[in-house]
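Following: one structure in C-alpha coordinates, then a few remarks.
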Amino acid sequence: MDQHSRHPGTQLRQALEARRGLLVPGAGNALAARVIESLGFEAVYLSGAGLTNNFYGMPDLGFVGLEDIARHTAAIRDAVPLPLIVDADTGFGNALNVRHTVRTLERAGANAIQLEDQVMPKKCGHFSGKAVIGQQEMVGKIKAAVDARQHGDFLIIARTDARAIHGLDDALDRARAFAEAGADVTFVEAPTGIDELRRIAAELPVPQVVNIVIGGKTPALPAAEFGAMGFGLVLYANAALQGAVRGMTNALSRLQRDGELPEDPELVATFAERQSLVQKPLFDALDEKYAGS
(Lines give C-alpha, C1' and ligand atoms only; values in the text may rest on other atoms or scores of the structure.)
Protein backbone atom coordinates (compact mmCIF):
# COMPACT_ATOMS: atom_id res chain seq x y z
CA MET A 1 0.00 0.00 0.00
CA ASP A 2 1.55 3.32 -1.03
CA GLN A 3 1.72 6.41 1.17
CA HIS A 4 -1.14 8.22 -0.55
CA SER A 5 -3.55 5.27 -0.14
CA ARG A 6 -3.18 5.27 3.64
CA HIS A 7 -5.39 7.39 5.88
CA PRO A 8 -3.68 10.74 6.51
CA GLY A 9 -3.96 10.21 10.26
CA THR A 10 -2.16 6.89 9.89
CA GLN A 11 0.54 8.55 7.78
CA LEU A 12 0.96 11.17 10.50
CA ARG A 13 1.08 8.67 13.35
CA GLN A 14 3.76 6.62 11.60
CA ALA A 15 5.84 9.70 10.78
CA LEU A 16 5.72 10.92 14.39
CA GLU A 17 6.46 7.51 15.88
CA ALA A 18 9.61 7.38 13.74
CA ARG A 19 10.87 10.34 15.85
CA ARG A 20 12.82 11.73 12.91
CA GLY A 21 11.96 15.39 13.42
CA LEU A 22 9.12 15.71 10.89
CA LEU A 23 9.21 19.34 9.75
CA VAL A 24 5.72 20.86 9.68
CA PRO A 25 4.88 24.48 8.80
CA GLY A 26 1.75 26.21 9.97
CA ALA A 27 -0.91 27.77 7.78
CA GLY A 28 -3.35 30.50 8.69
CA ASN A 29 -5.52 29.87 5.64
CA ALA A 30 -6.07 27.46 2.75
CA LEU A 31 -3.83 29.36 0.31
CA ALA A 32 -0.87 29.01 2.69
CA ALA A 33 -1.68 25.30 2.96
CA ARG A 34 -1.51 25.04 -0.83
CA VAL A 35 1.94 26.65 -0.82
CA ILE A 36 3.06 24.22 1.89
CA GLU A 37 1.82 21.26 -0.15
CA SER A 38 3.44 22.58 -3.36
CA LEU A 39 6.85 22.65 -1.67
CA GLY A 40 6.67 19.00 -0.67
CA PHE A 41 6.06 19.16 3.09
CA GLU A 42 4.47 16.02 4.53
CA ALA A 43 1.86 17.64 6.79
CA VAL A 44 0.29 21.00 7.59
CA TYR A 45 -0.68 22.65 10.88
CA LEU A 46 -3.59 25.06 11.23
CA SER A 47 -2.16 27.65 13.60
CA GLY A 48 -4.51 29.37 16.02
CA ALA A 49 -2.11 32.30 16.22
CA GLY A 50 -1.81 32.43 12.44
CA LEU A 51 -5.57 32.32 12.03
CA THR A 52 -6.06 35.07 14.62
CA ASN A 53 -3.39 37.28 13.03
CA ASN A 54 -4.58 36.62 9.46
CA PHE A 55 -8.31 36.65 9.96
CA TYR A 56 -8.74 39.34 12.60
CA GLY A 57 -5.43 41.24 12.61
CA MET A 58 -5.28 40.62 16.37
CA PRO A 59 -2.72 38.96 18.69
CA ASP A 60 -2.91 35.36 19.88
CA LEU A 61 -4.85 36.00 23.07
CA GLY A 62 -7.76 33.60 22.76
CA PHE A 63 -9.95 35.57 20.36
CA VAL A 64 -10.82 32.75 17.93
CA GLY A 65 -13.54 30.22 18.71
CA LEU A 66 -14.47 26.75 17.62
CA GLU A 67 -16.58 28.01 14.69
CA ASP A 68 -13.59 29.94 13.29
CA ILE A 69 -11.30 26.93 13.65
CA ALA A 70 -13.81 24.49 12.15
CA ARG A 71 -14.47 26.71 9.12
CA HIS A 72 -10.77 27.04 8.33
CA THR A 73 -10.16 23.34 9.03
CA ALA A 74 -12.77 22.47 6.40
CA ALA A 75 -11.30 24.93 3.91
CA ILE A 76 -7.78 23.53 4.32
CA ARG A 77 -9.06 19.95 4.18
CA ASP A 78 -10.77 20.74 0.88
CA ALA A 79 -7.62 22.43 -0.46
CA VAL A 80 -4.94 19.83 0.34
CA PRO A 81 -4.80 16.08 1.05
CA LEU A 82 -1.94 16.36 3.55
CA PRO A 83 -2.31 15.17 7.14
CA LEU A 84 -3.84 18.14 8.96
CA ILE A 85 -3.01 19.03 12.57
CA VAL A 86 -5.33 21.63 14.10
CA ASP A 87 -4.55 23.94 17.01
CA ALA A 88 -7.64 23.64 19.22
CA ASP A 89 -6.29 25.91 21.99
CA THR A 90 -7.81 24.86 25.34
CA GLY A 91 -10.64 22.89 23.72
CA PHE A 92 -12.90 25.91 24.31
CA GLY A 93 -14.05 24.96 27.80
CA ASN A 94 -14.23 21.94 30.09
CA ALA A 95 -14.05 18.23 29.26
CA LEU A 96 -17.55 18.26 27.77
CA ASN A 97 -16.60 21.18 25.52
CA VAL A 98 -13.47 19.24 24.50
CA ARG A 99 -15.66 16.29 23.49
CA HIS A 100 -17.69 18.60 21.23
CA THR A 101 -14.51 20.21 19.87
CA VAL A 102 -13.01 16.85 18.89
CA ARG A 103 -16.19 15.68 17.17
CA THR A 104 -16.56 19.00 15.33
CA LEU A 105 -12.97 19.21 14.11
CA GLU A 106 -12.75 15.54 13.13
CA ARG A 107 -15.91 15.98 11.01
CA ALA A 108 -14.36 19.13 9.50
CA GLY A 109 -11.32 17.14 8.33
CA ALA A 110 -8.67 17.35 11.04
CA ASN A 111 -6.38 14.34 11.53
CA ALA A 112 -4.96 15.55 14.85
CA ILE A 113 -5.73 18.27 17.35
CA GLN A 114 -3.53 20.04 19.84
CA LEU A 115 -5.02 20.76 23.27
CA GLU A 116 -3.22 22.85 25.87
CA ASP A 117 -3.46 23.22 29.64
CA GLN A 118 -3.69 26.99 29.80
CA VAL A 119 -6.46 28.84 31.60
CA MET A 120 -8.98 30.37 29.21
CA PRO A 121 -8.54 32.77 27.51
CA LYS A 122 -5.15 31.39 26.45
CA LYS A 123 -2.07 33.30 25.32
CA CYS A 124 0.65 32.54 22.81
CA GLY A 125 3.05 30.06 24.39
CA HIS A 126 5.94 32.51 24.01
CA PHE A 127 4.09 35.40 25.70
CA SER A 128 4.54 36.15 29.40
CA GLY A 129 1.74 36.12 31.97
CA LYS A 130 0.34 32.64 31.22
CA ALA A 131 -1.54 30.49 33.73
CA VAL A 132 -2.32 26.76 33.66
CA ILE A 133 -5.23 24.70 34.93
CA GLY A 134 -4.78 21.84 37.39
CA GLN A 135 -3.17 18.67 36.10
CA GLN A 136 -6.20 16.50 36.86
CA GLU A 137 -8.54 18.84 35.03
CA MET A 138 -6.36 18.57 31.93
CA VAL A 139 -6.20 14.77 32.31
CA GLY A 140 -10.01 14.75 32.22
CA LYS A 141 -9.98 16.81 29.02
CA ILE A 142 -7.56 14.37 27.37
CA LYS A 143 -9.70 11.38 28.35
CA ALA A 144 -12.74 13.12 26.89
CA ALA A 145 -10.83 13.80 23.66
CA VAL A 146 -9.69 10.18 23.36
CA ASP A 147 -13.23 8.90 23.93
CA ALA A 148 -14.74 11.37 21.43
CA ARG A 149 -12.58 10.56 18.40
CA GLN A 150 -14.05 8.31 15.74
CA HIS A 151 -10.91 7.17 13.88
CA GLY A 152 -8.20 5.37 15.83
CA ASP A 153 -5.52 7.44 14.11
CA PHE A 154 -7.09 10.79 14.93
CA LEU A 155 -4.22 11.96 17.14
CA ILE A 156 -4.49 13.82 20.43
CA ILE A 157 -1.52 16.15 21.00
CA ALA A 158 -1.43 17.39 24.60
CA ARG A 159 0.53 20.56 25.24
CA THR A 160 1.64 21.92 28.59
CA ASP A 161 2.62 25.52 29.20
CA ALA A 162 3.79 24.76 32.75
CA ARG A 163 7.51 25.18 31.94
CA ALA A 164 7.25 28.98 32.14
CA ILE A 165 5.19 28.91 35.35
CA HIS A 166 6.27 25.95 37.49
CA GLY A 167 9.52 24.86 35.82
CA LEU A 168 10.61 22.00 33.60
CA ASP A 169 10.19 19.18 36.12
CA ASP A 170 6.52 20.02 36.62
CA ALA A 171 6.02 20.27 32.86
CA LEU A 172 7.58 16.82 32.40
CA ASP A 173 5.37 15.38 35.15
CA ARG A 174 2.31 16.81 33.42
CA ALA A 175 3.36 15.46 30.04
CA ARG A 176 3.80 11.97 31.52
CA ALA A 177 0.33 12.15 33.06
CA PHE A 178 -1.14 13.31 29.75
CA ALA A 179 0.43 10.36 27.95
CA GLU A 180 -0.96 7.99 30.59
CA ALA A 181 -4.40 9.51 30.00
CA GLY A 182 -4.18 8.58 26.33
CA ALA A 183 -2.45 11.47 24.55
CA ASP A 184 -0.68 10.15 21.46
CA VAL A 185 1.88 12.97 21.45
CA THR A 186 2.93 15.49 24.10
CA PHE A 187 4.30 18.98 23.70
CA VAL A 188 6.26 20.87 26.36
CA GLU A 189 5.98 24.47 25.21
CA ALA A 190 8.78 27.04 25.36
CA PRO A 191 11.83 25.17 26.70
CA THR A 192 14.71 27.61 26.91
CA GLY A 193 17.88 25.62 26.27
CA ILE A 194 19.38 22.61 24.54
CA ASP A 195 19.70 20.65 27.79
CA GLU A 196 15.96 21.09 28.39
CA LEU A 197 15.20 19.96 24.84
CA ARG A 198 17.31 16.83 25.30
CA ARG A 199 15.48 15.96 28.52
CA ILE A 200 12.07 16.39 26.90
CA ALA A 201 12.94 14.11 23.98
CA ALA A 202 14.65 11.49 26.17
CA GLU A 203 12.41 11.29 29.24
CA LEU A 204 8.88 11.23 27.86
CA PRO A 205 7.25 8.03 26.61
CA VAL A 206 5.42 9.27 23.48
CA PRO A 207 6.58 11.34 20.49
CA GLN A 208 7.27 15.00 21.24
CA VAL A 209 6.63 18.33 19.50
CA VAL A 210 9.16 21.14 19.53
CA ASN A 211 7.71 24.50 18.54
CA ILE A 212 10.11 26.96 16.92
CA VAL A 213 8.81 30.50 17.16
CA ILE A 214 11.05 32.80 15.15
CA GLY A 215 12.27 35.27 17.77
CA GLY A 216 10.79 33.13 20.58
CA LYS A 217 12.24 31.39 23.64
CA THR A 218 13.22 27.98 22.23
CA PRO A 219 16.58 27.57 20.46
CA ALA A 220 16.20 27.14 16.70
CA LEU A 221 18.23 24.15 15.51
CA PRO A 222 18.13 22.29 12.18
CA ALA A 223 15.26 19.78 12.01
CA ALA A 224 17.83 16.98 11.60
CA GLU A 225 19.31 17.85 15.01
CA PHE A 226 15.89 17.71 16.64
CA GLY A 227 15.34 14.37 14.91
CA ALA A 228 18.65 13.10 16.27
CA MET A 229 17.46 14.08 19.77
CA GLY A 230 14.32 12.02 19.16
CA PHE A 231 11.63 14.66 18.57
CA GLY A 232 8.69 13.49 16.51
CA LEU A 233 7.61 16.85 15.10
CA VAL A 234 9.41 20.15 14.51
CA LEU A 235 6.75 22.83 14.24
CA TYR A 236 7.21 26.19 12.53
CA ALA A 237 3.69 27.37 13.23
CA ASN A 238 3.99 30.86 11.80
CA ALA A 239 7.00 30.88 9.48
CA ALA A 240 4.69 31.21 6.47
CA LEU A 241 2.83 34.09 8.10
CA GLN A 242 6.01 35.98 9.01
CA GLY A 243 7.37 35.41 5.51
CA ALA A 244 4.11 36.67 4.00
CA VAL A 245 4.17 39.83 6.12
CA ARG A 246 7.72 40.57 4.97
CA GLY A 247 6.77 39.84 1.36
CA MET A 248 3.71 42.11 1.49
CA THR A 249 5.72 44.87 3.11
CA ASN A 250 8.49 44.68 0.50
CA ALA A 251 6.12 44.62 -2.48
CA LEU A 252 3.87 47.39 -1.24
CA SER A 253 6.82 49.56 -0.17
CA ARG A 254 8.09 49.37 -3.77
CA LEU A 255 4.62 50.24 -5.06
CA GLN A 256 4.35 53.22 -2.71
CA ARG A 257 7.84 54.45 -3.60
CA ASP A 258 7.61 54.07 -7.38
CA GLY A 259 3.89 54.30 -8.04
CA GLU A 260 4.06 51.00 -9.96
CA LEU A 261 5.09 47.41 -9.34
CA PRO A 262 6.96 45.34 -11.93
CA GLU A 263 6.43 41.61 -12.35
CA ASP A 264 9.63 40.89 -10.44
CA PRO A 265 9.67 37.27 -9.17
CA GLU A 266 11.86 38.38 -6.26
CA LEU A 267 9.01 40.65 -5.12
CA VAL A 268 5.75 39.02 -6.18
CA ALA A 269 4.43 35.70 -7.42
CA THR A 270 3.60 35.75 -11.10
CA PHE A 271 0.00 35.85 -12.27
CA ALA A 272 0.43 32.27 -13.53
CA GLU A 273 1.78 31.07 -10.16
CA ARG A 274 -1.18 32.59 -8.36
CA GLN A 275 -3.69 30.99 -10.71
CA SER A 276 -1.92 27.64 -10.39
CA LEU A 277 -2.10 27.75 -6.58
CA VAL A 278 -5.86 28.40 -6.66
CA GLN A 279 -6.32 25.65 -9.31
CA LYS A 280 -7.70 27.90 -12.04
CA PRO A 281 -6.89 25.31 -14.77
CA LEU A 282 -8.99 22.72 -12.91
CA PHE A 283 -11.98 25.04 -12.76
CA ASP A 284 -11.56 25.95 -16.43
CA ALA A 285 -11.70 22.24 -17.29
CA LEU A 286 -14.76 21.71 -15.08
CA ASP A 287 -16.48 24.72 -16.62
CA GLU A 288 -15.93 23.28 -20.09
CA LYS A 289 -17.06 19.81 -18.99
CA TYR A 290 -20.34 21.01 -17.48
CA ALA A 291 -21.11 23.54 -20.21
CA GLY A 292 -21.65 20.71 -22.69
CA SER A 293 -20.80 20.61 -26.36
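The values are calculated or read from the model by the stated rules, or taken from the named source; none is laboratory data. Just so it is clear, the model here is predicted, and its values are computed rather than measured. A quick note on method: Cβ atoms are made from the backbone with ideal geometry, for glycine too, and the neighbour counts reach across all protein chains shown.
What are the pairs, 6+ residues apart or on separate chains, where a residue within region 238-262 that is without any contact (Cβ under 8 Å) to a residue 12 or more places away in the chain and exposed (fewer than 12 other Cβ atoms within 10 Å of the Cβ) has its Cβ under 8 Å from a residue that is among the basic types (Lys, Arg) and part of a helix (DSSP H, G or I)?
Pairs that qualify, where the first residue is without any contact (Cβ under 8 Å) to a residue 12 or more places away in the chain and exposed (fewer than 12 other Cβ atoms within 10 Å of the Cβ) and the partner is among the basic types (Lys, Arg) and part of a helix (DSSP H, G or I): there are none.
May I ask you to list pairs of residues, at least six apart or on different chains, whose Cβ atoms are under 9 Å apart, with the first in region 278-293 being under 20 Å from Ser38 (Cβ atoms) and the second being part of a helix (DSSP H, G or I) and among the polar types (S, T, N, Q)?
Pro281/Gln275
Just to be sure I understand, how many residues within region 215-255 are in a helix (DSSP H, G or I) and not acidic (Asp, Glu)?
Restricting attention to region 215-255, the residues satisfying the condition of being in a helix (DSSP H, G or I) are 223-229, 239-255.
Still in the running and not acidic (Asp, Glu): 223-224, 226-229, 239-255.
Matching residues across region 215-255 total 23.
I'd like the full set of residues that are modelled with pLDDT of 95 or more and under 18 Å from the mean Cα position of the chain (by Cα), limited to region 213-226.
Ala223, Phe226
So how many residues does region 144-187 have that are under 28 Å from Thr10 (Cβ atoms) and either outside the structural domain of Ser47 (by TED's automatic domain parsing) or in a loop (DSSP other than H, G, I, E, B) (or both)?
Step one: filter region 144-187 for residues under 28 Å from Thr10 (Cβ atoms), giving 144-160, 174-187.
In the following step, the residues that additionally are either outside the structural domain of Ser47 (by TED's automatic domain parsing) or in a loop (DSSP other than H, G, I, E, B) (or both) were identified as 149-154, 181-184.
Number of matching residues: 10.
Output the residues belonging to region 125-148 that are modelled with pLDDT of 95 or more and either surrounded by 22 or more Cβ atoms within 10 Å (Cβ to Cβ) or within 14 Å of Val206 (Cβ to Cβ) (or both).
The answer is Met138, Lys141, Ile142, Ala144, Ala145, Val146.
Ala190 - would you say it is assigned to a helix (DSSP H, G or I), of a type in the set (A, V, I, L, M, F, W, C) and either in contact with a Cys (Cβ under 8 Å, 6 or more places away or on another chain) or under 21 Å from Gly26 (Cα atoms) (or both)?
On the way: assigned to a helix (DSSP H, G or I): no; of a type in the set (A, V, I, L, M, F, W, C): yes; either in contact with a Cys (Cβ under 8 Å, 6 or more places away or on another chain) or under 21 Å from Gly26 (Cα atoms) (or both): yes.
Taking the combined requirement at face value, the residue does not satisfy it.
Residue by residue through region 196-218, note down the ones that are surrounded by 15 or more Cβ atoms within 10 Å (Cβ to Cβ) and farther than 20 Å from Asp173 by Cα.
Ile212, Val213, Gly216, Lys217 - these are the residues of region 196-218 that are surrounded by 15 or more Cβ atoms within 10 Å (Cβ to Cβ) and farther than 20 Å from Asp173 by Cα.
Kindly establish whether Ala220 is without any contact (Cβ under 8 Å) to a residue 40 or more places away in the chain and either within 30 Å of His100 (Cβ to Cβ) or of a type outside the set (A, V, I, L, M) (or both). Give the derivation first.
Numbers: without any contact (Cβ under 8 Å) to a residue 40 or more places away in the chain: yes; either within 30 Å of His100 (Cβ to Cβ) or of a type outside the set (A, V, I, L, M) (or both): no.
The answer is no for Ala220.
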